[in-house]
Amino acid sequence: MKRFALAYLGALLALIILDGLWLGVLMGSTYKAMLGPLMLDQPRGLPALLFYLLYPLGVAYFAVLPGLLSERLGRALSSGALLGLIAYGTYDLSNWATLAGWPGALVALDMAWGVVISALSAGAGVFIARRATE
C-alpha cells in the first residue's frame, strides 16, 4: 500500500507540474485561440480538482504498478503513454464528434500531450516509489 501511495504521489506531482507548465506557460494562449468562446476565463475548481486527483490514480494503477512489478521502467512509460492516448483520445475525439467548433487540430495536439504527460507521470511515479522504498 505504501508503494502504491508513493507511486500515486509521484504521478500526481508530475501531472500538476507538467500540466501547469503546458497550460499556463507554453500552450495556454494556443488553447484559448483554438477554443475561443468555449473556454472559461477561469477553470471550474471542483472538476479540475477531481481530474487532478483521479487521473494520477489511473496512471499509478495502470502504468506505474505494472512497471514496478516487472521492474521495467519502459513498461511504465509505455503503459502510461497508451493510457494517455486512450484517455485524452476519448475526450478529444468525443468532443470533435459532438461539439460544434471543436477544432480538429486541437485533437492531435491534445492527444499527443496526453501521451507525453501520462508517460512522464508514470516515470515519475516509478522514480518516487523506487527511491522512497530503497
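Readers should treat all values here as calculations from the given coordinates under stated rules, not as data from a laboratory. Being a predicted model, the structure only gives us computed values, none of them experimental. Here Cβ is always computed from backbone atoms with ideal geometry, including for glycine, and neighbour counts include all displayed protein chains.
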Helix 73-98 axis, angle to the chain major axis (alpha carbon atoms, nearest 10°): 20 degrees
Taking R0 as 25 Å, what FRET efficiency do you get between L21 and S70 from their Cβ-Cβ distance, rounded to the nearest 0.05? 0.25
How much length is gained on full extension from S94 to D41, taking 0.36 nm per residue of separation minus their Cα-Cα distance? 16.8 nm
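Show that you can apply the helix-only estimate: for the chain, add -39,500 (n - 2.57) for every DSSP H stretch of four or more residues, divide by all residues, and state [θ] at 222 nm to the nearest 500.
Taking each H run of at least 4 residues, the total per residue is -26500 deg cm²/dmol.
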For the chain, longest principal axis from Cα atoms; helix 45-59 axis from its Cα atoms; angle between them, nearest 10 degrees, is 40 degrees
Which entry in (i) 13, 47, 35, 6, 0; (ii) 13, 51, 34, 3; (iii) 13, 40, 31, 13, 2, 0 is this structure's computed P(r) over Cα pairs in 10 Å bins from 0, in percent? (iii)
Taking the dipole of segment 1-95 about the Cα centre (Lys, Arg +1; Asp, Glu -1; charges at Cβ), the one of G89, V25, P56 that reaches farthest to the positive side is P56
For the chain, the dipole about the Cα centre with charges only on Cβ (Lys and Arg +1, Asp and Glu -1), to the nearest 20 debye, works out at 380 debye
